[in-house]
Amino acid sequence: MSDHFQTISPVDNSVYVERNYATSDKITAAIDAAAGAAKAWREKPLSERAAICTKAVQHMVDAKDAIAEEITWQMGRPISYAAGEVGGLEERATHMIAVAADALKDIPTEEKDGFTRFIRRVPLGVVFVIAPWNYPYLTSVNAIIPALLAGNTVILKHSAQTPLCAERYNDAFEAAGLPDGVFQYLHLNHSDTEKVIKNDKIDYVAFTGSVPGGAMVENAAAGRFIGVGLELGGKDPAYVRGDADVDNAVENLVDGAFFNSGQSCCGIERIYVDESIYDSFVEKFKTMVESYILGDPTDTQTQLGPMVKTGAADYVRGQIKDAINAGARTLIDASKFPANQNSTPYLAPQVVVDVDHSMRIMTEESFGPVIGIMKVKSDEEAIQLMNDSEFGLTASIWTKDQDKALAIGEQVDTGTWFMNRCDYLDPALAWTGVKNSGRGCTLSSLGFEPLTRPKSFHLKTQS
């Protein structure tokens, strides 16, 4: 097995980063250091932990332009949008810092003469964060900052596609004065990642990635009786009711489907449209998609960059081909996107109609710039189709009727239910999924619960 890895940039297929994997001795030393630093870190006042986290976040905000360029070259997001990820990191971290004191405070019971009783949230110990490449900061910050605020130490394993993100975190925490051992990163191969999960000094694993990756984490942690948080895949649906503002729905759903080249776990991957407005919706949707610019993501005019790898683009090409063979139609002429080239990560956006749930494109996660649109006759049909999925991360409805939106949302199996918006994480709300979208929760005051355990204090007064 190789002792090093290369990050191949989807921009031009060049080697952008080359790093050595952590040696066995380095892995052991990092875990020991994290475990050793845990007691002193949890004993620091929350205000001190919060101040250090705030300084680290500001350090990253100050470096946002350099970070944006690194994101573009590592995973292909257009440079015009890349800095927005740092803004999102700041928003989420700032919110979690703001709510930490209330979320982590002692939970009192009703008064009882002669007794003092309360529940305290105590940190777990060492938290192992495994982060993906598609939103390398937005996904990782959801676990890293709350874990540190709660008094845990953290070891980060980032994707081999975005290794510089782990190093940026390390630089930020060093600049903020974080004590040694409280935050560390390791560049790991798959085998060593599993070994870390199995290590008896690891107390919690926060994983964001694929369903098979989540299964690996569960298998590796089996029998250790530790918590695992899993944010996995999505096939997120949107339902456009007959009373919707079509122009608003089109504008937001095109963005929700194609931003980041569709490489978002909560991106829109299937749309159901009421038959009364279907033709108008599809025509306007097609027109907007045709206006997009696919090309070099380092060009500020580019709206769609390459997918992360040629293999990922080929997977989406296969879904589209299979749908066509099963009777579906594509609406976008790929030749109008000169950068679109087979056997490269550059893939033109595509809209597919005349689809149904016998087709992979409507049931398998695509994670690319493609969307299937189906006509429906009723709310009941839309609900049935939205629930006909192995995933349940987010879902959205587009309507002017909030009462209907709430009633329908109650019947849809999803972690987050949107009305007239999509593809967004509100840090004040719990980020969670059902079915194969995973389990556990990040963000909001509830996001601290998996990173702590309840400890009850039952104190009897002596006369």
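Tabulated data for the structure shown
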| item | result |
| --- | --- |
| Region 65-82 and region 235-312: distance between their alpha carbon centers, rounded to Å | 21 |
| Paramagnetic reach from T300 in region 82-107 [backbone N under 19 Å; point 7 Å along Cα→Cβ] | 82-87 |
| Stretchable slack from K112 to K198, in nm (0.36 nm times residue separation minus alpha-carbon distance) | 26.6 nm |
| All-pairs alpha carbon distance profile, region 1-122, 10 Å steps from 0, percent | 10, 22, 27, 25, 9, 4, 2, 0 |
| Gyration tensor (Cα) of the chain, equivalent ellipsoid semi-axes in angstrom | 39, 28, 19 |
| Highest-first arrangement of 133-144, 251-262, where packing means the average Cβ count within 10 Å | 133-144, 251-262 |
| Among Y81, N189, Q384 - extreme Cα towards positive end, dipole of the chain, charges at beta-carbon | N189 |
| Nearby lysines by direct alpha-carbon distance to K64 (threshold 28 angstrom, same-chain neighbours under 8 apart not counted) | K55, K157, K309 |
| Beta bridges per DSSP with both ends in region 325-427, % antiparallel, nearest 5 | 20 |
| Under Karplus coefficients 6.51, -1.76 and 1.60, residue-wise ³J(HN,Hα) of region 187-197 in Hz, glycine/proline x | 7, 10, 7, 5, 5, 6, 4, 4, 5, 5, 4 |
| Computed log₁₀ I(q)/I(0) - Debye formula, equal Cα scatterers, no solvent, region 160-294, q 0.14, 0.15 Å⁻¹ | -0.83, -0.87 |
| Anchor K336: lysines whose Cα lies under 16 Å away (excluding residues fewer than 8 positions away in-chain) | K286 |
| Separation of alpha-carbon centers, region 194-230 and region 339-353, rounded to whole Å | 35 |
| Normalised contact order of the chain, rounded percent, pairs of Cα under 8 Å and 6 or more residues apart | 19 |
| Mean Cβ neighbour count within 10 Å, used as a protection proxy, ranking 309-322, 351-364, 97-110 highest first | 351-364, 309-322, 97-110 |
| Karplus-derived HN-Hα couplings along region 281-296 (A = 6.51, B = -1.76, C = 1.60, θ = phi - 60°), whole Hz, x at Gly and Pro | 4, 4, 5, 5, 4, 4, 4, 5, 4, 5, 7, 5, 10, 9, x, 4 |
| Within straight-line cross-link reach of K39, lysines at Cα separation under 20 Å, skipping those fewer than 8 residues along the same chain | K105, K201, K455 |
| Over region 143-246, relative contact order from alpha-carbon pairs under 8 Å, at least 6 apart, % | 21 |
| Unit charges on C-beta of K, R, D, E only; dipole of the chain, Debye | 1480 |
| Length-normalised contact order of region 1-78 in % [C-alpha pairs under 8 Å, at least 6 apart] | 39 |
| Antiparallel bridges, percent of DSSP beta bridges restricted to region 236-425 (to nearest 5) | 10 |
| FRET E, pair Y424, S463, Förster distance 51 Å, beta-carbon r, rounded to 0.05 | 0.35 |
| Projected label distance in nm at A98 and D279, using a 7 Å step from Cα toward the beta-carbon | 4.8 |
| Protection proxy ranking of 395-407, 323-335, 157-169 - average other beta-carbon atoms within 10 Å, highest first | 157-169, 395-407, 323-335 |
| Cα-Cα P(r), region 236-425, percent of pairs per 5 Å interval | 1, 8, 18, 22, 22, 15, 9, 4, 1, 0 |
| Sites A175 and E410, calculated FRET efficiency, Cβ-Cβ separation with R0 45 Å, nearest 0.05 | 0.45 |
| Size of electric dipole in region 60-194: Cβ of Lys, Arg +1 and of Asp, Glu -1, about Cα centre, debye, nearest 20 | 340 |
| Cut-off under 5 Å, modelled amide H: who pairs with G151 long-range | none |
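Taken together, the values in this text are just the output of simple stated rules run on the coordinates, not laboratory data. Everything quoted here is computed from the prediction, not taken from an experiment. As a convention, Cβ positions derive from the backbone with ideal geometry for all residues, glycine included, and neighbour counts pool all protein chains shown.
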